[in-house]
Amino acid sequence: MTEQELLHVLQQYGQDHLADHYHALPSHHKHDFLRKILQFDIHLAFGLYKEFHSKKCAVEMERVIEPPQVITIPKNGQEREKIEEAFTAGESLIKQQKVAVLIVAGGQGSRLGYEGPKGTFPISPLKGKTLFQLFAEQILALSRRYGTVIPLLIMTSQENNKDTIDFFHTHDFFGLSPMNVHFFQQGMLPTITPDGKLLIKDDGNFVANPDGHGGSLKALHDSGLLGKLTQEGYEELFYCQVDNPLVKIADPVFLGLHSIKGADASTKVVRRKDISEKVGLYVYMNGRDAVVEYSDIGADYMSALDEDGDILYWAGNTAIHVFSLAFIRRITSHGFVLPYHCAQKVVEYTDHTGRSCVADVWKFEAFVFDAIPFAGKTCCMEVLREEEFAPVKTKDGPDSPETAQQAMINLHKSWLQKAGIEIDPDAKIEISPLFALDAGEIQEKIGGKKFTGKKDIYIE
């Protein structure tokens, strides 16, 4: 883009203040300003601004919401047989080298009082293994179990990309081959004030935000990794976010149910604790499966009960999915189809006089679960919260490192108990993924053993 083209774009979108800023810059800083503005899709940002500005006066479309169809926890022999069939089908997919794993890890650990990428946060109860290490060790264990290669894709952000890559290099990729670990960055979008202005921070960068976890699918395509995986024969992508240490990476049962149903998009859900739990709901909306954020669905749905007095819309989204690569290609190759959401936030910026100011802005982001209504077929599977869902989102209280660590201890303790292993009831337990991925593997390796004389037990 030439100087005149840049000024035309700024004028087109009413950014005269930025044009003035550009003219005031020393000549050697003008190129840097141009580079910074070119890193964004300005036309997309202002298209979204125009769309949401007009929505303020628009009448919202009526939504018809019903409970979805969910494959629930098996209650009888016939249902358990279907789960066993799914397990076999999922194992076959992994063995045939059809499954890759994507971990969305663009966030920092600041809400946990931790400086650095959230994936580098130490979380395991005894050894302090990081979230990244726990996931990498699961993939390594699965690769060894099935004699296969499971690529690990990690979506980073502009803020933490270098630190994340350095972390993996420092730890020798936790035993994984570096050739099978791929990093790519999510996109960024500039924030815009309600009156349509772009802002600049005191370091000269534009006020911007990542384009949301839904942007992972677009970035996967744009990075070339989607095409690479497809060329190498991979067909399914297991997706999760980095903040849940209980995720069963590439769970064969989940993969099998997804495959048997011929689904484009599949989701794991847990039963909501109560009507006040703030979690996205998996629902059947306007004739399609969908996830709706708790803040968007309304109190009537959040608190609705069925005829037995149980929560009617009980299926809470865990942010654990399987997407077929063909489906991802379909929704990204000819323009990104996922809708963007608009949220308001307060930011600091520098005005034209160099003064530090505060302003309200609109940020735009896409949510990965908005891919679900575009799927030809979907699959929704219930899992037990205590076995698979303990997100780490805050420093203290619910969804904190303390609650996640206790969930890990309880889960590993239950594995030992199912294997007939006696342990001190007050013991802290940690089982390395490299030793066992489930209770069945514990049974095979050390079933019936008795641990005495110490309260903390690490098994590797």
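The values are calculated or read from the model by the stated rules, or taken from the named source; none is laboratory data. In this text the structure is predicted, and so the values were computed from the model without any measurement. Positions of Cβ are generated from backbone atoms using ideal geometry, with glycine treated the same way; all protein chains shown enter the neighbour counts.
For Leu237, are the conditions met, namely being crowded, with 20+ Cβ neighbours inside 10 Å, assigned by TED's automatic domain parsing to the domain that holds Thr350 and either over 16 Å from the mean Cα position of the chain (by Cα) or at pLDDT below 95 (or both)?
For Leu237, the condition - crowded, with 20+ Cβ neighbours inside 10 Å, assigned by TED's automatic domain parsing to the domain that holds Thr350 and either over 16 Å from the mean Cα position of the chain (by Cα) or at pLDDT below 95 (or both) - is not met.
Filter region 240-255 down to the residues that are surrounded by fewer than 23 Cβ atoms within 10 Å (Cβ to Cβ) and aliphatic (A, V, I, L, M), then identify the one that is farthest from Leu131 (Cα to Cα).
Among those residues, the one meeting the criterion is Val253.
Here is a check on your reading of the model: is Ile73 surrounded by fewer than 20 Cβ atoms within 10 Å (Cβ to Cβ), hydrophobic (A, V, I, L, M, F, W, C), out of contact with any Gly (no Cβ under 8 Å at 6 or more places or on another chain) and in a loop (DSSP other than H, G, I, E, B)?
Yes: the conditions hold for Ile73.
Given the residues Asp166, Asp172, which is the only one that is out of contact with any helix residue (DSSP H, G or I) (no Cβ under 9 Å at 6 or more places or on another chain), at pLDDT 95 or above and not β-branched (Val, Ile, Thr)?
Unique residue meeting the criteria: Asp166.
Whether any residue in region 161-171 is touching a strand residue (DSSP E or B) at 6+ places or on another chain (Cβ under 7 Å), assigned to a strand (DSSP E or B) and among the aromatic types (Phe, Trp, Tyr) is what I want to check.
No, the conditions are met nowhere in region 161-171.
Which pairs turn up if I take residues in region 92-117 that are within 14 Å of Thr130 (Cβ to Cβ) and not assigned by TED's automatic domain parsing to the domain that holds Pro252 and look for partners that are surrounded by fewer than 21 Cβ atoms within 10 Å (Cβ to Cβ) and not polar (S, T, N, Q) with beta carbon separation below 6 Å, at least 6 apart in sequence or on another chain?
No pair meets every condition.
Go through (1) in a strand (DSSP E or B); (2) farther than 27 Å from Ile260 by Cβ one by one and return the number of the condition Gly354 breaks.
The number of the failed condition is (1).
Is one or more of the residues making up region 204-223 in the same structural domain as Asp370 (by TED's automatic domain parsing), among the hydroxyl-bearing types (Ser, Thr, Tyr), surrounded by fewer than 19 Cβ atoms within 10 Å (Cβ to Cβ) and free of Cβ contacts under 8 Å to residues at least 60 places away in the same chain?
Yes - at least one qualifying residue is present in region 204-223.
In region 407-447, what residues are over 23 Å from Ala390 (Cα atoms), part of a loop (DSSP other than H, G, I, E, B), of a type outside the set (Asp, Glu) and in contact with a strand residue (DSSP E or B) (Cβ under 9 Å, 6 or more places away or on another chain)?
Ile421, Ile423
What's the number of the condition Met285 fails, among (1) surrounded by fewer than 21 Cβ atoms within 10 Å (Cβ to Cβ); (2) modelled with pLDDT of 95 or more; (3) within 22 Å of the chain's Cα centre (by Cα)?
Every listed condition holds for Met285 apart from (3).
Identify, from the list Lys450, Lys393, Lys445, Lys345, the residue that is out of contact with any Leu (no Cβ under 9 Å at 6 or more places or on another chain), surrounded by fewer than 21 Cβ atoms within 10 Å (Cβ to Cβ) and within 24 Å of Ala250 (Cβ to Cβ).
Only one candidate qualifies: Lys445.
Can you tell me which residues in region 326-345 are more than 21 Å from Phe46 (Cβ to Cβ) and assigned to a strand (DSSP E or B)?
Listed by number, the list holds a single entry, Ser333.
Just to verify a result, which residue in region 294-316, among those that are surrounded by fewer than 22 Cβ atoms within 10 Å (Cβ to Cβ) and in a strand (DSSP E or B), is farthest from the chain's Cα centre (by Cα)?
Looking at the filtered set, the residue picked out is Leu305.
Here are some conditions: (1) closer than 23 Å to Thr318 by Cα; (2) among the β-branched types (Val, Ile, Thr); (3) over 22 Å from the mean Cα position of the chain (by Cα). Thr88 meets all but one. Which one does it not meet?
Evaluating Thr88 over (1) closer than 23 Å to Thr318 by Cα; (2) among the β-branched types (Val, Ile, Thr); (3) over 22 Å from the mean Cα position of the chain (by Cα) leaves (1) as the failure.
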